[in-house]
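Just so it is clear, none of the values below were taken in a lab; they were calculated from the coordinates. Computed from a predicted structure; not experimentally measured. Cβ placement follows ideal geometry from the backbone for every residue including glycine, while neighbour counts extend to all protein chains displayed.
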């Protein structure tokens with residue numbers, strides 16, 4: 001064995017390598033005193049050096065009670081066998097992750113190229129070694145939780161790597177909202193970072209000050225003069241085959257924007273933006289287009305007023321940093337609009353964030369949005385669907401491809417991973433995967449995750465609330481983590497039906513049970 005083979009400060013002895021090994025995986029027979037569990041970290045000494053691995057699966061058996069026993073009386077007799085428990089054995093599958101030396105000295109994992117030999121002892125990785133591997137030493141590292149296998153070991157992520165984007169995936173009640181809350185609280189509260197959450201159901205907005213003094217809840221407002229034409233078309237719900245309506249709207253939009261930019265646009269008292277746009281539409285009907293198309297478009301503009309009149313606001317901030325404020329947690333409460341409105345609002349601000357950050361970089365800070373930003377898209381399966389096109393899907397794809405260079409990090413949150421566009425999902429280098437039960441969701445997530453092995457995927461249905469597999473460049477090595485509880489309570493928990501009914505009857509002064517008993 002080489003002089004580099006010894007594992008520093010190794011922990012307790014746990015067992016032996018048995019059978020055939022590869023540089024990626026080995027079978028470990030655990031000693032009688034060992035209490036192996038999924039997610040436990042082990043060390044083995046090899047000719048290459050000390051190697052760190054994680055237990056992916058654990059099995060238990062008994063030399064007396066084999067799997068061929070079928071007779072109940074025989075089984076009953078076997079259970080009375082002297083020292084039966086001493087005949088129990090445990091073995092597990094261990095994934096070898098990295099040579100320990102490069103991980104601790106250069107903070108970079110380096111996969112082993114040689115398999116551990118059968119008969120080698122394996123040892124429990126001590127807490128001190130795990131702390132060096134998972135805590136991170138620079139200010140860019142923020143705590144996310146603690147290791148499930150070693151509850152005293154803090155687990156941190158590198159916020160700088162969120163530019164490579166993140167997906168937070170779980171069933172309802174798995175802990176997605178709490179995870180988003182913890183991330184936002186640490187990024188904004190500790191680092192003074194900028195986060196925007198597109199809050200589809202208003203659950204974060206209802207939680208109040210998630211970061212005391214640095215939380216801003218915003219109504220879904222868009223200054224109409226900063227709209228793009230596709231966004232306006234989306235709000236108007238002009239059908240794809242209504243070409244004449246689209247032509248009229250396009251010509252009216254171009255004329256209105258031209259006048260606005262030239263300073264010749266005049267606001268008329270008592271008339272909102274849509275009223276002015278309707279007037280421009282009447283004045284800009286292309287030759288050969290029938291009046292029926294104009295009337296159809298005017299009806300659609302009235303529909304925009306009915307559905308989204310509060311969204312298009314001439315007095316909404318035109319400068320992006322006045323709406324998405326740097327150094328704050330910005331929560332855009334979209335609970336008052338439908339999917340079309342949410343799509344228009346989310347895509348609008350994703351587009352502007354990317355464009356403004358590009359402008360900041362290309363003008364060297366003379367113009368544009370002044371700081372990097374993390375954009376969290378809740379209900380990603382609705383806004384970034386796999387089988388239909390939305391504006392948010394388009395701009396999420398653009399951010400996923402280009403955002404890293406300009407400082408826009410994308411966080412996708414979903415309980416239906418199989419319904420999220422795979423092209424966008426696969427570009428999230430980082431994953432926080434909480435409990436997922438549905439097999440198709442599991443397979444879809446694995447297809448979009450290079451580091452999610454079959455054995456790790458088997459863990460997903462059995463994870464407890466708040467437990468997650470964390471993979472990607474934001475962590476040095478994959479980990480099974482218990483996410484911290486967010487200091488603020490979000491609205492992602494189940495409604496207490498019984499208690500709210502009780503409060504209603506208490507407030508109305510009615511004894512409903514007494515009334516029912518008299519029927």
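The calculated FRET efficiency for the pair residue 20 and residue 60, based on their C-beta separation and a Förster distance of 35 Å, comes to about 0.95. Label-to-label distance for residue 260 and residue 302 is 2.4 nm, based on points extended 7 Å past Cα in the beta-carbon direction. Can you give the FRET efficiency to the nearest 0.05 for residue 363 and residue 250, using r as the Cβ-Cβ distance and R₀ = 30 Å? Rounded to the nearest 0.05, the efficiency is 0.50.
Between residue 201 and residue 450, full extension at 0.36 nm per residue minus the direct alpha carbon distance yields a gain of 86.5 nm. Put the Cα centre of the stretch 248-266 next to the Cα centre of the stretch 6-62 and the gap is 70 Å.
Between residue 313 and residue 389, the FRET efficiency from the beta-carbon distance, with R0 = 30 Å, is close to 0.65. In terms of Cα atoms, the Rg and Dmax of the stretch 13-134 work out to 17.3, 60 Å. To the nearest ten degrees, helix 497-508 and the longest principal axis of the Cα atoms of the chain are 50 degrees apart. Taking 7 Å steps out from each Cα toward its Cβ at residue 267 and residue 462 produces label points 6.3 nm apart. Taking the C-alpha atoms only, the angle from helix 391-406 to the longest principal axis of the chain is near 60 degrees. Every helix of 4 or more DSSP H residues in the chain counts as -39500 (n - 2.57), and over all residues that averages to -10500 deg cm²/dmol at 222 nm. A crude spin-label estimate for the pair residue 75 and residue 6, with each label 7 Å from Cα along the Cβ direction, gives 5.1 nm.
Quick one: go through the stretch 198-217 and flag any residue whose amide nitrogen is under 16 Å from the point 7 Å out along the Cα-to-Cβ line of residue 499. Residues passing the 16 Å test: 207. Placing a label point 7 Å from the Cα of residue 13 along the Cα-to-Cβ line, the residues of the stretch 114-158 whose backbone N sits under 15 Å from it are 119-124.
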